[in-house]
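Asks: Sending over a structure as structure tokens; questions will come in a sec.
The values are calculated or read from the model by the stated rules, or taken from the named source; none is laboratory data. In this text, all values refer to a predicted model and were calculated from it rather than measured experimentally. Every residue, glycine as well, gets a Cβ built from its backbone with ideal geometry; the counts of neighbours run over all protein chains shown.
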Amino acid sequence: MRTGFVITANALLEGDVVWLTGTGALTRHLAGAQVFEDRAQAEAALAQASTRGHELVGPYLAEIRLTGHGPEPAHFREGFRARGPSNYRHGKQAETGTDRHVSLY
């Protein structure tokens, strides 16, 4: 299976998880993220994203698996970030209408 990288961070004002798109915009959905198969290109794009402190907090490279359904997180942390906050009344769970949540306690 092929792997790659995406750039993820948190939006400064809202705190939402975001991914960098191919146009330099931000998306709140992993499926819209720009995928880098070349690590050097990903690191160059990360260096650019790191200059966007006025809108991003903590940008970093996240490894993904490339599937026929689009990019999928390669690690648990990214899967959790892609699904959204554990409060089902807000965030990505509210968008999909699911009533499931994850408790950290």
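Asks: Identify, please: which residue in the stretch 23-63 is among the small types (Gly, Ala, Ser) and in a strand (DSSP E or B) and is, among those, nearest to Val6 (Cα to Cα)?
Replies: At the first step, the residues of the stretch 23-63 found to be among the small types (Gly, Ala, Ser) are 24-25, 31-33, 40, 42, 44-45, 47, 49-50, 53, 58, 62.
So of that shortlist, the ones also in a strand (DSSP E or B) come out as 58, 62.
Details: Gly58: 14, Ala62: 5 Å.
Step by step, filter the stretch 23-63, then rank; the result is Ala62.
Asks: Which residue is surrounded by the fewest Cβ atoms within 10 Å (Cβ to Cβ), if the candidates are limited to the stretch 34-55 and must be farther than 18 Å from Pro71 by Cβ and of a type in the set (S, T, N, Q)?
Replies: Thr51
Asks: I'd like to check something: does the stretch 64-76 contain any residue that is at pLDDT below 80, part of a helix (DSSP H, G or I) and under 23 Å from Arg2 (Cβ atoms)?
Replies: Checking the stretch 64-76: at least one residue is at pLDDT below 80, part of a helix (DSSP H, G or I) and under 23 Å from Arg2 (Cβ atoms).
Asks: Check whether at least one residue in the stretch 58-65 is closer than 17 Å to Ala82 by Cβ, basic (Lys, Arg) and surrounded by fewer than 17 Cβ atoms within 10 Å (Cβ to Cβ), and report yes or no. Outline the logic, then answer.
Replies: Pass one, the stretch 58-65, residues closer than 17 Å to Ala82 by Cβ: 58-65.
Okay, now just the ones that are also basic (Lys, Arg), so 65.
From what is left, the residues that are surrounded by fewer than 17 Cβ atoms within 10 Å (Cβ to Cβ) are 65.
Yes, the stretch 58-65 has at least one match.
Asks: Would you say Gly70 is of a type outside the set (A, V, I, L, M), surrounded by fewer than 15 Cβ atoms within 10 Å (Cβ to Cβ) and over 10 Å from the mean Cα position of the chain (by Cα)? Write out each step before concluding.
Replies: Details: of a type outside the set (A, V, I, L, M): yes; surrounded by fewer than 15 Cβ atoms within 10 Å (Cβ to Cβ): yes; over 10 Å from the mean Cα position of the chain (by Cα): yes.
In short, yes.
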